[in-house]
Amino acid sequence: MDYNALKDLSYGMYILSTNDGEKPVGCVINSAIQITSASSIIAISVNKLNHTNEVIKKSNKFGLSILSTKTDPSLIGTFGFKSSKDFDKFSGIDVKYVNNLPIINENTTGYLICDVINIISVDTHDIFLAKIIDSKKTNNLDPMTYSYYQKEIKGQ
């Protein structure tokens, strides 16, 4: 199987966030899709080994910050390669709270605030189906695609 073909699927780059009651937690994800428009349902996929996955299952809510092509690569490194269980990823980051959820406030195109309505377990990941309860487009920057990340940022 040629896994490089999967890189041609359209993906975005996002910071997924939630709150464990004591501190904010989050990680980078690239799998988020709109499922319905009328009732505003999305699906995200999160690795089962990720601490953020565990916290979302407890809180049943999450925020999704939509990264732009202006996002500092170090933000992706922090949220992608460190664990919220052991490290405060939000320290020193421009963050605002919406419905008690941390949202990245710098160089993002917008955010979604979601309530989990169902969880589907598949192999190594959980798929969270969620209703969008709040959203805002914050500027007109270009959203970062996974392809852009692979070509321009990966490894920085």
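The values are calculated or read from the model by the stated rules, or taken from the named source; none is laboratory data. All of these numbers come straight from a predicted model, not from anything done at the bench. When we count neighbours, we look across all protein chains shown, and the Cβ atoms used for this are built from the backbone with ideal geometry, even at glycine. With ligands, DNA and RNA removed, areas are computed over all heavy atoms of the protein, side chains included. Shrake-Rupley method; radii C 1.70, N 1.55, O 1.52, S 1.80 Å.
Summed over segment 141-154, the residues that are open to solvent by less than 40 Å² (accessible area, probe 1.4 Å) and of a type in the set (Phe, Trp, Tyr) give a count of 1.
Scanning segment 111-140 for residues that are of a type in the set (Ser, Thr, Tyr), surrounded by 11 or more Cβ atoms within 10 Å (Cβ to Cβ) and part of a strand (DSSP E or B) gives 111, 135. Among residues of segment 86-100 that are under 20 Å from residue 135 (Cβ atoms), those with a beta-carbon under 9 Å from a residue that is part of a loop (DSSP other than H, G, I, E, B) at least six positions away or on a different chain give the pairs 94/105; 94/106; 94/107; 95/105; 95/106; 96/105.
Checking each residue in segment 90-110 for being in a strand (DSSP E or B) and of a type in the set (Val, Ile, Thr) picks out 95, 98, 103, 104, 108, 109.
For segment 15-68, give me each residue that is assigned to a strand (DSSP E or B) and of a type in the set (Ser, Thr, Tyr). Hits for segment 15-68 are 17, 18, 36, 45, 65, 68. Is it the case, given these coordinates, that residue 50 is polar (S, T, N, Q), out of contact with any Lys or Arg (no Cβ under 8 Å at 6 or more places or on another chain), in contact (Cβ under 8 Å) with a residue 40 or more places away in the chain and buried (at least 16 other Cβ atoms within 10 Å of the Cβ)? Judged against the criteria, residue 50 is not a match. Condition (residue is surrounded by fewer than 18 Cβ atoms within 10 Å (Cβ to Cβ), at negative phi and at pLDDT below 95) applied to segment 53-68: is it met by at least one residue? Within segment 53-68, not a single residue is surrounded by fewer than 18 Cβ atoms within 10 Å (Cβ to Cβ), at negative phi and at pLDDT below 95. Restricting attention to segment 21-30, the residues being surrounded by fewer than 18 Cβ atoms within 10 Å (Cβ to Cβ) and touching a residue at least 60 places away in the same chain (Cβ under 8 Å) number 1.
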